[in-house]
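Undergrad: For reference, the structure I am asking about is given below.
The values are calculated or read from the model by the stated rules, or taken from the named source; none is laboratory data. Since the structure is predicted, the reported quantities are computational estimates derived from the model, not experimental observations. Cβ coordinates were reconstructed from backbone atoms using ideal geometry, including for glycine residues, and neighbour counts include every protein chain displayed.
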Amino acid sequence: MSAAHIAGEAGRAEGVSPPSQRSAGTGGSSPDGSARVGAPEARSRRAGQLGGSGGSSPRVSRVSVAFEKAAAGGRAALVGYLPAGFPSVAGAAEAAVAIAQAGADVIEIGLPYSDPLMDGPVIQEATHRALAGGTHVSDVLRTVETVAAAGVPTLVMTYWNPVDHYGVSAFARDLAAAGGAGLITPDLPPEEAGDWLEAADDCGLDRVFLVAPSSSDARIARITADCRGFVYAASLMGTTGARESVGAAAAGLVSRVRDATSLPVAVGLGVRDGFQAAEVAGFADGVIVGSAFVQRLLAAPDAQAGLDSVRDLAAELAAGVRGPAR
Amino acid sequence: MTSPATTRGEPGRPPGADREAGHFGPYGGRFAPEALMSALEELATEYATAQADPAFQAELAELLRGYAGRPTLVTEVPRFAARAGDCRILLKREDMAHTGSHKINNVLGQALLTKRMGKKRVIAETGAGQHGVATATACALLGLDCVVYMGEEDTRRQALNVARMQMLGAEVVPVTNGSRTLKDAINEAFRDWVTTVETSHYCIGSVMGPDPFPTMVRDFQRIIGVEAREQVLAMTGRLPDAVVACVGGGSNAIGAFHAFIPDESVRLIGCEAGGDSPDSGHNAATLVAGSAGVIHGMRTYLLQDADGQTLPTHSVSAGLDYPGVGPEHSWLHDTGRASYRAISDSQAMDAFSLLCQTEGIIPAIESAHALAGALQLGGELDPGSLLLVNLSGRGDKDVDIAARWFGHLDGEAAR
């Protein structure tokens with residue numbers, strides 16, 4: 001197993017802090033230099049408040065700190081997603097570290113699940129291959145350990161049953177021990193999350209729930225009250241997957257979430273390139289990209305090409321979040 | 001906020017009671033993507049309003065009578081019962097309902113609700129094709145667009161039902177991911193719904209999924225037991241000693257059981273798909289062999305591996321080939337109000353053949369699992385016991401599979 005090798009890579013990645021300026025050459029579609037950084041005053045107002053809401057945790061949320069740093073730099077944070085175990089356990093960890101090195105502020109590691117009913121074809125394909133390749137929950141935790149050791153706050157994004165079956169408090173304990181920052185739980189609404197809310201408090205983990213364009217203001221208030229780290233705003237009504245345009249509903253949703261909480265709001269679903277990242281960075285605190293990275297790994301002829309490709313995309317997106325389109 | 005203490009079971013509660021909206025003891029709930037939450041709330045509200053609306057109830061009752069053919073018969077089967085020891089067996093003839101199974105009871109209710117909500121498009125999943133056919137039928141009747149997701153594997157096993165749905169005007173979408181069976185069709189139906197929720201209703205075919213589906217579908221299927229209880233009393237002057245039904249997702253079984261839950265003398269027996277054998281791992285006997293977890297929007301028993309990944313299932317019956325089960329069954333199982341057993345493929349097929357040859361009734365292979373359970377119970381209960389078996393569907397759709405099994409077609413028998 002190449003964990004040692006990855007650990008070595010991770011060592012070199014120490015202090016992953018994205019360069020404050022990307023060269024214009026890294027992203028073909030990066031916005032022109034004259035673009036105004038979106039809502040800098042709002043960002044600086046928000047910087048410093050982050051991590052407050054719901055914070056009965058004994059530890060400061062590393063995820064909130066990452067958003068705070070980005071906000072202090074007058075930009076949105078970049079959040080990259082990859083599922084564990086694809087193209088291999090080591091390969092996924094290596095690719096996640098590469099994405100972090102190239103500018104992602106937070107990494108989400110997906111826990112491959114047999115019934116991914118919220119995922120589109122790209123992530124389905126990758127997680128299917130990960131499971132067929134024998135990826136276990138223990139591999140996910142090892143992946144988190146490797147990626148977190150590279151200095152980037154690392155969350156696990158998971159359907160609920162694998163955590164439920166592992167045991168909620170045991171999973172929280174083992175995730176915290178692996179250096180994980182928390183969980184994103186797309187099919188666990190706060191109403192059903194009693195055990196997890198407690199376990200997250202006990203272990204100082206972030207708990208990220210999702211809001212959707214269809215969420216009422218009352219539900220947004222209910223959901224964000226239990227969030228810690230950031231709030232995940234689904235940009236559109238649909239499954240994961242890169243799209244030509246990010247839902248127009250996203251900006252309105254972000255604004256409604258901001259009325260309810262001081263937590264940072266990151267937008268996911270559909271973002272695929274630097275231009276879209278810039279567009280979303282114009283109104284959100286963070287930009288989440290998953291399927292576009294996974295697509296690059298799926299399309300790559302070999303592991304090295306996959307790494308190069310995700311690194312390029314991360315750099316393009318990192319440039320995007322620094323230069324909002326409007 | 002719901003605290004963990006209140007989402008857990010309260011052993012003192014009467015079984016079947018909705019301890020808290022959408023929960024059956026610790027089971028049920030709404031483990032759904034946030035994008036669906038508002039639709040689930042809307043559905044729950046609309047359903048509650050419809051339930052209290054005499055006009056809705058009258059419209060549904062008239063469709064059930066004048067279109068679906070209710071009440072269905074209760075038929076005594078003495079020649080079959082003679083092979084089950086000293087007992088009487090009555091069949092509740094859901095096979096006589098329009099479209100050939102109990103599925104029509106639920107889809108007529110949900111199709112009416114769809115119209116009430118002002119939606120024009122209905123999504124359904126199907127395994128054996130019975131729910132897909134019933135949904136396509138109701139949509140044709142009420143002028144709704146219909147899309148049915150069906151595992152590619154099942155479209156091959158049940159090619160005639162695919163043709164039936166298409167004739168009724170439905171679009172059938174073969175699902176080519178995962179294990180290409182019912183659970184993957186459900187995943188795909190949810191993916192469609194999350195994208196089209198403003199204009200579409202997902203007409204779930206069993207007492208499963210996120211709240212309010214398990215309660216709503218149960219209520220629509222409850223008529224089976226309500227009718228049967230009266231019919232058995234009228235025919236025999238007494239309540240049955242046991243009510244027997246097959247359980248995949250469990251809608252026909254809940255429908256048959258529910259009216260009898262307060263009758264403590266009546267045993268409720270669910271027959272799950274034992275597949276090759278309950279011990280082989282090639283089965284779909286969720287309550288017999290599974291453990292609690294979360295799947296398809298609900299907390300319930302499911303077949304899962306050490307990592308909480310859903311296990312592949314096997315059954316000769318596509319309609320029972322599902323790794324989960326309705327959450328109310330999980331609660332009835334835990335409280336002991338109902339008991340569940342696994343019936344193997346060959347036990348079910350023997351009972352299938354026996355009913356054909358002793359009574360001239362070809363049952364669905366799903367329902368044959370309940371018949372096999374009755375054959376066992378005849379020997380277990382006191383002499384002279386009275387058994388009510390829910391014959392949930394007819395076997396026309398299974399002729400090809402059964403013919404292969406028994407070697408009536410060219411080539412080798414399937415086993």
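Undergrad: Please state which one of B:Asp345, B:Asp350, B:Asp307 is surrounded by fewer than 20 Cβ atoms within 10 Å (Cβ to Cβ), modelled with pLDDT of 95 or more and over 24 Å from B:Asp219 (Cβ atoms).
TA: B:Asp350
Undergrad: In addition: Looking at the range A:219-266 only, could you name the residues that are modelled with pLDDT of 95 or more and assigned to a loop (DSSP other than H, G, I, E, B)?
TA: A:Cys227, A:Arg228, A:Gly229, A:Phe230, A:Thr261, A:Ser262, A:Leu263, A:Pro264
Undergrad: Given the options A:Ile99, A:Ile107, name the one that is surrounded by 24 or more Cβ atoms within 10 Å (Cβ to Cβ), in contact (Cβ under 8 Å) with a residue 24 or more places away in the chain and either of a type in the set (Lys, Arg) or in a helix (DSSP H, G or I) (or both).
TA: Going through A:Ile99, A:Ile107 in turn, the sole match is A:Ile99.
Undergrad: Go through the range B:270-303 and count every residue that is surrounded by fewer than 24 Cβ atoms within 10 Å (Cβ to Cβ) and either at the interface with chain A (Cβ under 9 Å from one of its Cβ atoms) or in a strand (DSSP E or B) (or both).
TA: Residues that pass the stated criteria total 3.
Undergrad: Here's something else I'd like to know. For the condition in a loop (DSSP other than H, G, I, E, B) and either within 21 Å of the chain's Cα centre (by Cα) or surrounded by 23 or more Cβ atoms within 10 Å (Cβ to Cβ) (or both), what is the one hit in B:Ala128, B:Ala138?
TA: B:Ala128
Undergrad: Moving on. Among the residues in the range B:194-206, are any under 25 Å from B:Ser367 (Cβ atoms), within 14 Å of chain A (Cβ to nearest Cβ) and surrounded by 21 or more Cβ atoms within 10 Å (Cβ to Cβ)?
TA: yes
Undergrad: Quick check, is B:Glu230 modelled with pLDDT of 95 or more, in a helix (DSSP H, G or I) and not hydrophobic (A, V, I, L, M, F, W, C)?
TA: In short, yes.
Undergrad: How many residues, within the range B:152-195, are of a type in the set (S, T, N, Q), farther than 18 Å from B:Val316 by Cα and in a helix (DSSP H, G or I)?
TA: Summing the residues that are of a type in the set (S, T, N, Q), farther than 18 Å from B:Val316 by Cα and in a helix (DSSP H, G or I) in the range B:152-195 gives 3.
Undergrad: Just to be sure I understand, how many residues within the range A:173-192 are part of a loop (DSSP other than H, G, I, E, B) and within 14 Å of chain B (Cβ to nearest Cβ)?
TA: Matching residues across the range A:173-192 total 5.
Undergrad: Residues being facing chain B (nearest Cβ under 10 Å) and in contact with a helix residue (DSSP H, G or I) (Cβ under 8 Å, 6 or more places away or on another chain): count how many of those fall in the range A:134-157.
TA: The number of residues fulfilling the criteria is 3.
Undergrad: In this structure, does A:Ala130 turn out to be touching a Phe, Trp or Tyr at 6+ places or on another chain (Cβ under 6 Å) and part of a helix (DSSP H, G or I)?
TA: Spelling it out, A:Ala130 is indeed touching a Phe, Trp or Tyr at 6+ places or on another chain (Cβ under 6 Å) and part of a helix (DSSP H, G or I).
Undergrad: Also: Quick check on A:Leu117: is it more than 22 Å from A:Phe230 (Cα to Cα), within 14 Å of chain B (Cβ to nearest Cβ) and at pLDDT below 95?
TA: yes
A quick yes/no check of all residues on (1) touching a strand residue (DSSP E or B) at 6+ places or on another chain (Cβ under 9 Å); (2) more than 25 Å from A:Glu125 (Cβ to Cβ); (3) of a type outside the set (S, T, N, Q):
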| position | (1), (2), (3) |
| --- | --- |
| A:Gly274 | no, no, yes |
| A:Gly286 | yes, yes, yes |
| A:Gly290 | yes, no, yes |
| A:Val294 | yes, no, yes |
| A:Pro301 | no, no, yes |
| A:Gln304 | no, no, no |
| A:Leu307 | no, no, yes |
| A:Leu313 | yes, no, yes |
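Undergrad: Tell me the helices (runs of 4 or more DSSP H) entirely within the range B:304-415 that contain at least 2 residues that are in contact with a helix residue (DSSP H, G or I) (Cβ under 6 Å, 6 or more places away or on another chain).
TA: Ranges flagged: B:327-335, B:345-359, B:365-380.
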